[in-house]
Amino acid sequence: MKSSQDARLPDRTLSVGALAERFGLATHVLRHWETVGLLHPDRDRNGRRRYSHRHLVQVAVILRAKEGGLSLEAIRDMTNAPNGATRRTMLMEQRDALARRIAGLRRSLDLIQCALDCEHEDITACPNFQQAAGIPPEFP
C-alpha cells in the first residue's frame, strides 16, 4: 500500500541524478540550490528527492538567469516574490541591469572587432581604435 505522500507524486518524476544529468550538472549543484531555497523537491516515502516537470522548468530558469549574470540570491528573491507586483519590480530592475551589461559587452565587442580590422602595428596609436575605446578625438 502506498503512503499518502507517494500517492501525491506523479508517476513521471526524476531522481536527483537523472535531473542533474539532463542539464549536465553535478548533483551537488541541485542540492545546493535546494539549500539556498531555489528548489523544493518532493520526497518519496524513503526520503529521496523526486523532481517533476515544474522542477525541470525551475532548473531551466535558474540556468538561464545565471547565464544572464543574476546571482542565486536574486533568482531566489524573484522566484519566491510574495506577489506579482513585487516580482515585476524585481524583474524590471534586473532587465535594466542586464541591458546595461549588454550595452557594455557590445562596446567591448566593437573594440575587439576594431582591433582585428586595424592595420596599425600598435593598435593603441590608431585613431579609430582610440575612438572605439571611448577616447575623444580632442584629447590632448
remark   = Among [x] 83, 35, 20; [y] 43, 36, 28; [z] 72, 49, 18, the entry matching Cα extents along the principal axes in Å as calculated here is [x]
remark   = With the charge dipole of the range 1-119 built from beta-carbon charges (+1 for Lys and Arg, -1 for Asp and Glu) about the Cα centre, the Cα from Ser108, Gln94, Leu38 projecting farthest to the positive end belongs to Leu38
task = For Val61 paired with Leu91, estimate the spin-label separation in nm (one decimal), with each label point 7 Å from Cα along the Cα-to-Cβ line.
result = 0.9
key: Loop-resident sites, the range 23-91, for trypsin sites (Lys or Arg not before Pro), counting at most 13 other Cβ within 10 Å (DSSP)   = Arg45, Arg48
ask   = What whole number of Å gives the distance from the Cα centroid of the range 67-125 to the Cα centroid of the range 31-61?
value = 28
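Each value in this text was obtained by applying a stated rule to the coordinates, not by laboratory testing. All values derive from a computational prediction rather than experimental measurement. Neighbour counts are summed over all protein chains in view; Cβ atoms, including those assigned to glycine, are modelled from backbone coordinates with ideal geometry.
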